[in-house]
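Reviewing the structure listed below.
The values are calculated or read from the model by the stated rules, or taken from the named source; none is laboratory data. None of the values given here were measured: they were computed from a predicted structure. When we count neighbours, we look across all protein chains shown, and the Cβ atoms used for this are built from the backbone with ideal geometry, even at glycine. Keep in mind that these areas ignore ligands, DNA and RNA; they rest on the heavy atoms of the full protein, side chains included. Shrake-Rupley method; radii C 1.70, N 1.55, O 1.52, S 1.80 Å.
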Amino acid sequence: MAVETEDPTPATADGAGREARTVLALLALFIVINAADKAVLGLTADPIKDELGLTATEFGIIASSFYLLFSLSAVSVGFLGDRIRPRPLLAVLALVWAAAQLPILLPAAGFGALVATRVVLGAGEGPGYPLANYTAFTWFPAGRRALPSAVVVAGGAGGTVLAAPLVVLVSDTFGWRAAFGLLGAAGLVWTLCWLRYGGGGPHRVQLGPAVPKDAGADVPATVPFWRIVTTGTWLGATLSTFAVMWTLALGFAWLPLYLEEQAGFSEAAVSGIVGLPALAMAVLVLTAGAVAHRLLRRGVTARVAQGLLGATLPLLAGVSLLLATRVGPAALLLPLLVLAFSAGNGQTPLTNAALADICPPARRSAALGLSYALAALSSLLAPYVTGRIIDAAPSETVGYGRAFDLAAWLLIGGALIAALLIRPDRDARTLLSADPGRTDPVKE
């Protein structure tokens, strides 16, 4: 949650514009590296498994370890954004990424080293996206933040699209360890550029709960927190996001292997294909947010604009994933996989908006943070559980089918729960009645 405070040191429009564009480009590159760091393990999975003799379960443990401290770090470091300037904070994060990737260059680095470094990498990358957004917002006034946010989102898609062919090329030419080293070096280079050209902007933005300007800084949160986290909106958003994040983690870790080993695509083809869900995700996220905004402006209820509209996206993803393992031609397989691993995340901005709308200002940050932290537990479980399923199956083909079906039914179940429970209009009125001091308007 970010709110703008008074800007005490406005810059000239022309100078701020040039500098803002430079910083925004660096932040987009920051997210490109962030996404590539996540994707590199899946893109090099086959040679890693062969060289280290890993079972599917062991590879799943490595993939899951990335998320061990991801949520905790995102919440903890996020609150430092109000206390530490963006230049040193983002530089430290990038150095952590580099420190986690470079040790893999050592020939002795095996299973244990991969687990340890992925834990460190996840801890460093957890706060990356929210802090990049926060920093971008400091360069633009409140009415002009859609573009910088879209650029940051596009950086995540670009990280997979641009990095995948390069990672595969380096891995094929110099070995899989060199791909990790390349990304570590990229983190170091970015840090030097950021320290030279980056930093916070003139528009002060505060992370955390918004406080009404006409109220004191110590507005009491009169609604008990348990009442918020037991609303249908909070439960529906958290459970549906759990399913979405399960599928995203499954895609990062196992989709490249599936495409190569089961679908029969070459490594070169896989490097291009894995970027398609990221591109589709960026489009769907922005489109869903725009459609919901338009519906709300036309007087449609938040239950429809945020709850029902949002629920159609993971439902589409789940049905696509069920069908993907049951069709033969690649012409059908690829579109289904793209939808399966992208559509669900289009719900995320709608559920976040629904959660923010129902909460009293002083409870928003905690409610959003707890929802994200619990939902992200699926990212920790999904790669490991998938590995266990594949190892326990009579064949890898059967194992992948069962693992994908599990993710599909989670998506479908999450969509149905969201459609039934997410009712921001009703829940906001209920919580408002318990918080007489709340000043936020509630849509009837």
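Inspection of segment 254-271 finds no residue satisfying the criterion of being within 21 Å of the chain's Cα centre (by Cα), modelled with pLDDT of 85 or more and either open to solvent by 20 Å² or more (accessible area, probe 1.4 Å) or of a type in the set (Lys, Arg) (or both).
Answer yes or no: is there a residue in segment 235-253 that is under 19 Å from the mean Cα position of the chain (by Cα) and not in a helix (DSSP H, G or I). No, every residue in segment 235-253 fails to be under 19 Å from the mean Cα position of the chain (by Cα) and not in a helix (DSSP H, G or I). Only a single item in (1) open to solvent by 60 Å² or more (accessible area, probe 1.4 Å); (2) more than 26 Å from Phe252 (Cβ to Cβ); (3) in contact with a helix residue (DSSP H, G or I) (Cβ under 8 Å, 6 or more places away or on another chain) is not met by Leu286, and it is number (2). With respect to the conditions (1) more than 18 Å from Leu255 (Cβ to Cβ); (2) open to solvent by 30 Å² or more (accessible area, probe 1.4 Å), Ala311 falls short on a single one, namely (2). Selection of segment 390-423 for residues being more than 27 Å from Leu235 (Cβ to Cβ) and aliphatic (A, V, I, L, M) yields Ile390, Ala392, Ala393, Val398. Only one of the numbered conditions (1) outside any helix (DSSP H, G or I); (2) within 17 Å of the chain's Cα centre (by Cα) is not met by Arg326, and that is (2).
Output the residues belonging to segment 92-109 that are part of a loop (DSSP other than H, G, I, E, B) and of a type in the set (Gly, Ala, Ser). Show your work before the answer.
Taking segment 92-109 as the starting set, the residues that turn out to be part of a loop (DSSP other than H, G, I, E, B) are 106-109.
Listed by number, the residues that qualify are Ala108, Ala109.
At pLDDT below 90, in contact with a Leu (Cβ under 8 Å, 6 or more places away or on another chain) and over 23 Å from Ala109 (Cα atoms): does that describe Ala28? It would help to see each step written out before you state the result.
Working: at pLDDT below 90: yes; in contact with a Leu (Cβ under 8 Å, 6 or more places away or on another chain): no; over 23 Å from Ala109 (Cα atoms): yes.
Here the answer is no, as Ala28 does not meet what is asked.
On the given criteria, is Ala142 at pLDDT below 75, open to solvent by 40 Å² or more (accessible area, probe 1.4 Å) and more than 27 Å from Leu279 (Cβ to Cβ)? Yes, satisfied. Quick check: is even one residue across segment 173-181 within 21 Å of Leu276 (Cβ to Cβ), buried (at least 23 other Cβ atoms within 10 Å of the Cβ) and in contact with a Gly (Cβ under 6 Å, 6 or more places away or on another chain)? Checked segment 173-181: no residue is within 21 Å of Leu276 (Cβ to Cβ), buried (at least 23 other Cβ atoms within 10 Å of the Cβ) and in contact with a Gly (Cβ under 6 Å, 6 or more places away or on another chain).
Scanning segment 237-270 for residues that are β-branched (Val, Ile, Thr) and over 18 Å from Lys38 (Cβ atoms) returns a single hit, Thr238.
Identify, from the list Leu339, Leu332, Leu295, Leu370, the residue that is of a type in the set (A, V, I, L, M, F, W, C) and within 24 Å of Phe66 (Cα to Cα). Lay out the reasoning, then the answer.
On the way: Leu339 fails: within 24 Å of Phe66 (Cα to Cα); Leu332 fails: within 24 Å of Phe66 (Cα to Cα); Leu295 fails: within 24 Å of Phe66 (Cα to Cα).
Sole residue among the options that is of a type in the set (A, V, I, L, M, F, W, C) and within 24 Å of Phe66 (Cα to Cα): Leu370.
In segment 14-58, the qualifying residues are those that are of a type in the set (D, E, K, R) and crowded, with 20+ Cβ neighbours inside 10 Å, and the one that is farthest from Leu195 (Cα to Cα) is Lys38. Where helices (runs of 4 or more DSSP H) fall wholly inside segment 330-401, the ranges with 3 or more residues that are in contact with a helix residue (DSSP H, G or I) (Cβ under 8 Å, 6 or more places away or on another chain), of a type in the set (Ser, Thr, Tyr) and farther than 27 Å from Pro224 by Cα are 377-392.
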